[in-house]
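Asker: I am attaching a structure below and will ask some questions about it afterwards.
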Amino acid sequence: MTYQWSRSVVPAVLTVVSVSAHAQQWESLGPAPISWFGGSSGRISAVAPSTTNADRIYVAGADGGVWRTTDGGATWQPLTDHMPTTATGALAVDPTNDMIVYAGTGEANYANHSRYGLGVFKTIDGGDTWSHHAETTFAGRCFSKIAIDPNNTDVLYASITRAGGFPALAAAKEHPGKDGPVGVFKSIDAGVTWTRLTNGLPDLIATDIAISTDSTTVFAGIGDIFGDSGNGVYRSIDAGASWQKMTSGLPASVVGRVSVATAPSNSDVVYALFAQPSNSTGGGAFNLGGYKSINGGDTWTTYGDVSQSSYGWYLSCIGVNPADENMAFYGGLDMERVTQSGSATITPPHVDCHAVAFDANGHLLAGDDGGLHRSLNFGNDWESVNDGLGVVQFYAGVSIHPLDANVVIGGTQDNGTNARYDGSQSWTTVNGGDGGWTRIDQQQPNIWFAEAQGTGNLSRSTNSGQSFGSAGGGLSGRNCFLPPYVIDPSSLNTVYYATHRIHKRTFGSTGWQVISGDLTKGAGAIRALAISPSNPDVLYMATNDGNVGVSTNAGVDWTVVISDNPGWPRVTREISTHPTEPGTAYLAGAVFGQAHVRRTTNYGQSWETLDGNLPDVPVNVVDIDPRTSPPTLYAGADDGIYRSTDDGVTWVRFGQNLPHVPVIDVIMDIARERIVIGTQGRGAWVMDLSSCIADCDGNALLNIFDYICFGNAYAMGSLQADCDGNGVLNIFDYICFGNAFAAGCP
C-alpha cells in the first residue's frame, strides 16, 4: 500500500513510501501442558464435538477462549484471540454442519474467577472467522448452555446467569450490564437476535437448558445458587412459549444449582442433578442427588448421585450416552457413571468437572479444572488431551529468576505452582493445591517460595524448587484464599506475610511474629502487599474490603490512605512501588466505572488518576519501566495490556498477537529488556522491550500511524523525531526513521 504525504510534514525525499505493518510480538511461554495429573491445562468450561467427525472437537477455556482440534486432540489451535473477550461459558455445534459453532461468552460457574461475558460469537467456517452478536442483550452476564433445535438449526435456546463470586457478582466487576435480565432466551435467526422467555418462568438465573429430539419440548434448570423457592426443573411443551415447574418426585424448595439433560436416543428420558445452595452447611450431604424421568418429565425418581463436596454451585453437569438412554454421567467434584445396575465413580485424572460430551465415535469427553480428558470405555480409563492446549489460569505473584532467563514460576487455579525450567512450553508442578503467590529470592535465587490456598500453607525450597518444606507454622488469621507475601530486599531471609494483619519472619533466626493489628474493616483480609526496593521500611497493602494502607516503619504501624477501594477479592498485585522513590506507588483499579490507574508520590496522602484515554475496563496490575522520563506505564487489564509513554495521557494496546485475555501480573525484567506477564486463562507471555526507534507511538506495532506520529513530531520541532540521536532535526532523521521502519523492530 502507498501513501502520499504532504510536503509540509514530510520532505520530498519521502513523498511516497511503501508501508507494511511490523510488530514486536508477544511470545507464549505456556504452560501447555503442565506435568500435573499426566499433563494438565486450565479449566475447560464447555466441550462441543462434531457429530460426524471424531477428530473435530471444540473446547472453551474458562478464560482461554475457543480452541479447535481437527486431529483428535494431537494439536490445538486458538480461534477467538482477536475477539473482545476470552471468557467463555457455552459452546454449541450445529448438528447438521460442524463448521457452524456458537460461543456464549461469560463463564457460568459462579466463582470469583468466573468472569462476565460480552454476548455471542458465531463462526460459519469452523472457527477461522467469527461474528459478534447480542452484546447489548447479554453483556455483563454469562452463558451456562446453548441448545440447538435438531430439526431447525436456526432456532437456539440459551440459559443465562449472572457472573459469579463471593460476595455475589464479584466476577462481574461492576460491569454496567451485570443486573440485566437472566433466565431462558430463544433465537429464531441463528443467534443474531434473542428474546427472553418468561411465561411460567421465575425471574432467576438459568443454570442449564436441554431440548428433546421432538423440538417442541425444552427443559430448563432454574438454579439460583444461593437457594430460592423458584428453583427447579421447568418444562415447555410448546417450544418455549409457556413453562411449568416439574414437582412430582423432585426436591421441593431452596435447591441450589440445577443441571438437566435429555437422552439423545429417547426423548422421554430426562435427567436432573441438584446441588445444595451455596450458603448451606450441607448437613453432611452437600448435594441433593440425581433424578431420572422416563415419561418426559411428568414424574421423577432418584437415580444415582455424585460428590459435589461443599461447592456444587461451581461444578455440576450431566451427559447421557447417545446410544444408551439409561447410562448417565454426573460431573461434580468427581464423576459418576450411573446405570440401572448401579453407580461407579469414574473421576477423570483431574477433579472438578464442568462439561460432559461424546465425540462422533461415542467416546466420553470431560472438561474439568485440568483441561480435557477422554475415555474410550466410558470412564474405566482416561487419557489427557492437553498437549498444546494453553488455557492455564495464573494468579498474581508470578516470579522470574535473576540468573536464568528461562526460569519462570507461578501459581495457577487448581493446578498447583509450576515452574518453567527451559525454553519449552512444558512446565513442571513443584507444589500442589490452588497455587498462589510465588517468590524467588533475588539475592539467593536457590530459595523459592510457593503456597496453596488458605492461611499458613506456605512452602519454602532451598534447591530451586526441587523440593519444598513447610514454612507456614505459626501463621494465622483471615485470608483472601491465597495470601500475599514479600521478601525484604535488604535483609537476607526476611519475609512479610499478610492475612488480616502482617506477619514477619527471618528464616534461620526467628519464627513468625504478628507485627501489626487488623488492617481491614473487621472482617476482610489483605489481598495485595508491596515493599519498596529502595527503602524496605515502606510497605503498601490493600484489603478485600476496601482499605489501602501505608507503613513507614517496616509493617508495624499503618495509615489507611484509601477506605473505599473496590476490586477483585482474590489475591492481587494491584499495588506496585517505584524502584527508587519509596513514596511513589501505583494502584490498579479492577472495577468498571472507577479510576483504573492511580499514582501517589507522597506515601498515599494524595492520588492522581492517570487514566487518560484508557478504556473503561478493569485493570488488575500496573507496573512501570523507570528508564524513561516520565516512566513508561503498563496496565494489565481484563482484555490485555496497555502502555503509556506520556504519564497516562494516552494509552495504546501494547504489542501484537496477545489474546484479549485478563492480564493478572506484570513483571518488568529491566536487566534483560523484556516484560513477562501472567494471564488468567492463557498462561504466561514475554515480549522483548529492546528499543525500536521506528515505533513512534509506542504501541510495539509499526504501521501508518508511526509515520504520522513521526511527521507531526518533526513538524513541531520535537526531539521525539530525533531518530539518529544527535540533537538536530534534519533529513538524516527521516532516512534513519525510514530505514528503521523497513527493518521492523530490530
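Asker: Dividing the Cα convex hull volume of the range 324-364 by residue count, how many Å³ per residue is that?
Answerer: Normalising the Cα hull of the range 324-364 by residue number yields 74 Å³.
Asker: Also: Calculate the all-directions average of the projected area of the range 451-568's alpha-carbon convex hull, and give it in nm².
Answerer: 7.2 nm²
Asker: If you take the Cα atoms of the range 537-677, find Rg, then find the Kirkwood Rh from the mean of 1/r over all pairs, what is Rg/Rh?
Answerer: My calculation of the ratio gives 0.95.
Asker: For helix 704-715, report the angle its Cα long axis makes with the longest principal axis of the Cα atoms of the chain; keep it between 0 and 90° and round to the nearest 10°.
Answerer: The answer is roughly 30 degrees.
Asker: Limiting things to C-alpha atoms, what are the Rg and the maximum Cα-Cα separation (Dmax) for the range 348-490, in angstroms?
Answerer: Rg and Dmax of the range 348-490, Cα atoms, are 17.5, 61 Å.
Asker: Rank-order 205-211, 491-497, 94-100, 35-41 by packing density, defined as the average count of other C-beta atoms within 10 Å over each peptide's residues, highest first.
Answerer: Ranking, from highest mean packing down: 205-211, 35-41, 491-497, 94-100.
Asker: Still on this model: If you count only protein heavy atoms and use a 1.4 Å probe, how large is the accessible surface of F286, to the nearest 10 Å²?
Answerer: Roll a 1.4 Å probe over it and F286 shows about 80 Å².
Asker: Run the quick spin-label model on Q444 and D214: label points 7 Å from Cα toward the beta carbon, then report their separation in nm to one decimal.
Answerer: Here the modelled spin labels are 7.3 nm apart.
Asker: Carbon and sulfur atoms: what percent of the 1.4 Å accessible area of the chain do they account for?
Answerer: Percent of accessible area from carbon and sulfur atoms in the chain: 50.
Asker: Hey, what's the range 305-460 come to in accessible area per residue, 1.4 Å probe, Å²?
Answerer: Per-residue accessible area for the range 305-460 comes out at 29 Å².
Asker: How big is the C-alpha Rg of the range 558-623 next to the rule-of-thumb value 2.2 N^0.38 Å, as a ratio?
Answerer: 1.07
Asker: Another question, if that's okay. Based on the Cβ-Cβ distance of E27 and I670, what FRET efficiency does E = 1/(1 + (r/R0)^6) give at R0 = 25 Å, to the nearest 0.05?
Answerer: Once rounded, the FRET efficiency stands at 0.85.
Asker: Separate question: Dividing the alpha-carbon Rg of the range 618-665 by 2.2 N^0.38 Å yields what?
Answerer: Rounded to two decimals, the normalised Rg is 1.09.
Asker: How many Å³ per residue does the convex hull of the Cα positions in the range 289-383 occupy?
Answerer: 97 Å³
Asker: I would also like to ask the following. Computed over the Cα atoms of the range 17-152, what is the convex hull's projected area averaged over all directions, in nm²?
Answerer: Directional mean of the projected Cα hull area for the range 17-152 stands at 11.4 nm².
Asker: Treating each Cα of the range 213-331 as an identical point scatterer and ignoring solvent, apply the Debye formula and state log10 I(q)/I(0) at q = 0.11, 0.19, 0.22 Å⁻¹.
Answerer: Normalising to I(0) and taking log10 leaves -0.33, -0.96, -1.23.
Asker: With θ taken as phi - 60° and the coefficients 6.51, -1.76 and 1.60, list the Karplus ³J(HN,Hα) couplings across the range 114-123 in order, rounded to whole Hz; mark glycine and proline as x.
Answerer: For the range 114-123, the Karplus-derived couplings read 9, 7, 4, x, 9, x, 10, 9, 9, 10 Hz, x marking Gly and Pro.
Asker: How many percent of all Cα-Cα pairs in the range 113-242 sit more than 23 Å apart?
Answerer: When every Cα pair of the range 113-242 is considered, 31 percent fall beyond 23 Å.
Asker: Another question, if that's okay. Taking the convex hull of the Cα atoms, report for the range 517-599 its projected area averaged over all directions, in nm².
Answerer: 4.9 nm²
Asker: Of A272, L529, T506, which is farthest towards the positive pole of the chain's charge dipole, taken about the Cα centre with +1 and -1 on the beta-carbons of Lys, Arg and Asp, Glu respectively?
Answerer: Comparing the listed Cα positions along the dipole, T506 ranks first.
Asker: Per 0.36 nm of contour for each residue apart, how much would the distance between T601 and F705 grow if the chain were fully extended, relative to their Cα-Cα spacing?
Answerer: Once the chain is fully extended between T601 and F705, it gains 34.1 nm.
Asker: Calculate, for A405 and I735, the FRET efficiency according to 1/(1 + (r/R0)^6) with r their C-beta to C-beta distance and R0 35 Å; round to the nearest 0.05.
Answerer: Computed FRET efficiency for A405 and I735: 0.50.
Asker: Then there's this: Roughly speaking, what % of Cα-Cα pairs in the range 475-532 are separated by over 14 Å, rounded to a whole number?
Answerer: Percent of Cα pairs beyond 14 Å in the range 475-532: 52.
Asker: On a 0 to 90° scale, report how tilted helix 731-742 is relative to the longest principal axis of the chain, with both axes built from alpha carbons and the result rounded to the nearest 10.
Answerer: Its long axis makes an angle of about 30 degrees.
Asker: With no solvent and one equal point scatterer per Cα, compute the Debye intensity ratio I(q)/I(0) for the range 88-190 at 0.15, 0.20, 0.21 Å⁻¹ and report its log10, rounded to two decimals.
Answerer: Here log10 of I(q) over I(0) equals -0.56, -0.91, -0.98.
Asker: Rounded to the nearest 500, what is the chain's calculated 222 nm mean residue ellipticity when only DSSP H runs of at least 4 contribute -39500 (n - 2.57) each, over all residues?
Answerer: -1000 deg cm²/dmol
Asker: Hey, got the dipole for the chain? About the Cα centre, +1 on K and R Cβ, -1 on D and E Cβ, debye to the nearest 20?
Answerer: With only Lys, Arg, Asp and Glu charged at Cβ, the dipole is about 1160 debye.
Asker: I've got another one for you. What percentages make up the Cα-Cα pair-distance distribution of the chain when the bins are 20 Å wide from 0?
Answerer: Cα pair-distance distribution for the chain, in percent: 17, 47, 29, 6, 0.
Asker: May I ask you to compute the full-extension gain from N377 to D81, defined as 0.36 nm times their residue separation minus their alpha-carbon distance, rounded to one decimal in nm?
Answerer: Once the chain is fully extended between N377 and D81, it gains 103.1 nm.
Asker: Ok, one more. Per residue, how much accessible area does the range 146-215 show when a 1.4 Å probe rolls over the protein heavy atoms, in square angstrom?
Answerer: Here the per-residue accessible area is 36 Å².
Asker: Follow-up question, since we're still on this one. At 0.36 nm per residue, minus the direct Cα-Cα distance, what do Q656 and V728 gain on full extension? Give it in nm, one decimal, please.
Answerer: Contour length minus the Cα-Cα distance gives 22.7 nm.
Asker: Under a point spin-label approximation (7 Å from Cα along Cα-to-Cβ), what is the D55-D128 distance to one decimal in nm?
Answerer: For D55 paired with D128, the spin-label model returns 1.7 nm.
Asker: While we're here: Computed FRET efficiency, Cβ-Cβ of Q244 and D324, R0 35 Å: what is it to the nearest 0.05?
Answerer: 0.75
Asker: Hey, what's the Kirkwood Rh for the range 507-557 if you take every pair of different alpha carbons, in angstrom?
Answerer: In the range 507-557 this quantity evaluates to 11.9 Å.
Asker: A follow-up question, please. Over the range 305-351, one equal point on each Cα, no solvent: what is log10 I(q)/I(0) by the Debye formula at q = 0.30, 0.33 Å⁻¹?
Answerer: One equal scatterer on each Cα of the range 305-351 leads to -1.10, -1.21.
Asker: Taking only C-alpha pairs under 8 Å that are 6+ residues apart, what is the relative contact order of the chain in percent?
Answerer: 10 percent.
Asker: Let me ask you something else. Taking the Cα centre of the range 485-633 as origin, sum charge times position over the Cβ atoms of Lys and Arg (+1) and Asp and Glu (-1), and report the length of that vector in debye to the nearest 20.
Answerer: 360 debye
Asker: Which links in K122/K173; K145/K521; K173/K504 stretch past 28 Å when you go from one Cα to the other?
Answerer: Over 28 Å Cα-Cα: K145/K521; K173/K504.
The values are calculated or read from the model by the stated rules, or taken from the named source; none is laboratory data. Here the structure is a predicted model, which means the values were calculated and not measured. All Cβ positions, glycine included, derive from the backbone under ideal geometry; neighbour counts span all protein chains shown. Note: accessible area is taken over every heavy atom of the protein model, side chains too, but ligands, DNA and RNA are not part of it. Shrake-Rupley method; radii C 1.70, N 1.55, O 1.52, S 1.80 Å.
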